[in-house]
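Structure incoming, see below.
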Amino acid sequence: MAEALRIGIAGLGTVGASVVRVLSEKASELTRQCGRQLVVTAVSARDRSRNRGVDVAAAKWFDDPVELAKSADIDVFVELIGGDEGPARACVKAALEAGKHVVTANKALLAKHGVSLAEIAEKKGVLLNYEAAVAGGIPIIKTMREAMAGNSVTRVFGILNGTCNYILTRMEAEGLSFEDCLKDAQRLGYAEADPTFDIEGNDTAHKLSILTSLAFGCKISADDIYMEGISNISQADIRAAGELGYRIKLLGVAQQTDSGIEQRVHPTMVPTASVIAQVHGVTNAVAVETDILGELLLSGPGAGGNATASAVIGDIADIAKSRPGFQHGPVFGRPAKELKPYKRAKMRAHEGGYFIRLTVHDRVGVFAAVAKRMADNDISLESIVQHAVGTEENASKTVILVTHETTEAAVRKAVDGITKDGHLTDKPQVIRIERAG
Ligand SMILES: NC(=O)c1ccc[n+]([C@@H]2O[C@H](COP(=O)([O-])OP(=O)(O)OC[C@H]3O[C@@H](n4cnc5c(N)ncnc54)[C@H](OP(=O)(O)O)[C@@H]3O)[C@@H](O)[C@H]2O)c1
């Protein structure tokens, strides 16, 4: 049997401790699958005295993860600290420069420094594996990088944040407000004490930026993502979506267009009958559309110790099975030096259907004025309905419009016009409709 693969793990929190536990519980099965033992020889975390529920006594302890990364005691360095700078970046860089294979679950780090780290890995002839960084346990990286060779991707989209999907699912199922669902998500440990990063779309954007690079062979560009979160989604939107045959999901979407690549994260209406609309709660899903394969959708657990450990261990097992001296495939599917610059398509050029919900004064001529603004901007309507709301003294109406395919620029102009006309009693709501099978 080949020599044991010596693993160094930096970070023994939710994911790190699960990785250690599963490696120990599944040791003989993994040895059979990989043809060699997988042994944790060194670890690092901040607090050496903390009880983590796993036994790391046999592993050498490092206070400094950078020292662990360079240590002669390891063949593979596993980074499970988190963060796009600081110790995580320093130790991943140090490990690659020292010629160690690296496994990481750190989307924030890859979204910011993925390309430069890939350049080092490729120069050194080592692997930089990151399956757990996007959609947790779902093997989407391997699927896109290896199993879909030769396919040209036209669009990739997904539910990439379990917290948002949990909130939207409960809002719809139980008629609760966004705020109440967020509080429950925090109580159950699905949302951080400061949930901004999840609910405003940043976490989805990080993951999307990695998928975009794999899909279109371009450099990662996480700063170039159009982003809207879910905090202004109301029960009125959820109910109207249901009546129209749609469900609201926070999607990350990357799409090749004539003017460049669209990367966008925003609440989206998807047809209730579509497969992605059936993805509920904290579950994640990624759909990839290609010329050869058509549309593929993978769904599964996107976070949590066990699910994330599953992806991390899959990455470690690939390294255990790789042959010494073998030229490894490039980190983002194409050599890092050959990744194209990212060309951003203007959001105003986005084409699609739109849901527009307007709360207007209940007076003669408003409905006609709204319809005229739409027509003036060449927006053709699939449907327009109005409901009475408010009190007798303060009467207002909700007007709900669903457009046929149009442009973002036209919709913004029309809604700005309606706002200037002075007909609105509340902020207009605009939600993009996404085609989904
Ligand atoms: N949790 C998930 O479900 C999930 C899913 C997908 C991806 N990820 C990614 O996985 C990574 C880890 O997440 P997590 O949830 O496991 O985080 P976590 O529970 O906060 O654990 C972080 C670990 O890093 C250690 N650490 C922090 N600073 C350190 C330093 N300077 N030197 C050495 N160790 C240090 C901490 O040590 P102490 O324990 O001593 O404080 C802790 O063990 C992140 O990149 C995250 O985005 C997580």
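Looking for whichever is surrounded by fewer than 22 Cβ atoms within 10 Å (Cβ to Cβ), more than 23 Å from the chain's Cα centre (by Cα) and more than 13 Å from the ligand (Cβ to nearest atom) here; the options are 72, 95. Which one fits?
None of the other options fit; the residue is 72.
For region 144-178, how many residues meet the condition of being in a loop (DSSP other than H, G, I, E, B) and touching a residue at least 60 places away in the same chain (Cβ under 8 Å)?
So the answer is 7.
Quick one: count up the residues across region 1-57 that are within 16 Å of the ligand (Cβ to nearest atom), within 21 Å of residue 307 (Cβ to Cβ), open to solvent by 40 Å² or more (accessible area, probe 1.4 Å) and of a type outside the set (Lys, Arg).
2
Taking strands (runs of 3 or more DSSP E) that fall entirely within region 345-434, which contain at least 2 residues that are surrounded by 19 or more Cβ atoms within 10 Å (Cβ to Cβ) and in contact with a strand residue (DSSP E or B) (Cβ under 8 Å, 6 or more places away or on another chain)?
So the answer is 351-361, 395-403, 429-433.
Still on this structure: What residue, among those in region 75-92 that are more than 11 Å from the ligand (Cβ to nearest atom) and closer than 14 Å to residue 124 by Cα, is most open to solvent (accessible area, probe 1.4 Å)?
75
How many residues are at pLDDT below 95 and within 18 Å of residue 226 (Cβ to Cβ) when one looks only at region 325-345?
So the answer is 0.
What are the residues in region 106-123 that are among the basic types (Lys, Arg) and surrounded by 24 or more Cβ atoms within 10 Å (Cβ to Cβ), if any?
107
Out of the residues in region 295-316 meeting the condition of being of a type in the set (Val, Ile, Thr) and within 11 Å of the ligand (Cβ to nearest atom), tell me which one is surrounded by the most Cβ atoms within 10 Å (Cβ to Cβ).
312
Have a look at 154, 169, 143 and point out the one that is open to solvent by 40 Å² or more (accessible area, probe 1.4 Å), away from the ligand (no atom under 16 Å from the Cβ), β-branched (Val, Ile, Thr) and more than 24 Å from residue 20 (Cβ to Cβ).
Just a single option satisfies the conditions, and that option is 154.
The values are calculated or read from the model by the stated rules, or taken from the named source; none is laboratory data. These numbers were taken from a predicted model, which means no experiment stands behind them. Cβ coordinates were reconstructed from backbone atoms using ideal geometry, including for glycine residues, and neighbour counts include every protein chain displayed. With ligands, DNA and RNA removed, areas are computed over all heavy atoms of the protein, side chains included. Shrake-Rupley method; radii C 1.70, N 1.55, O 1.52, S 1.80 Å.
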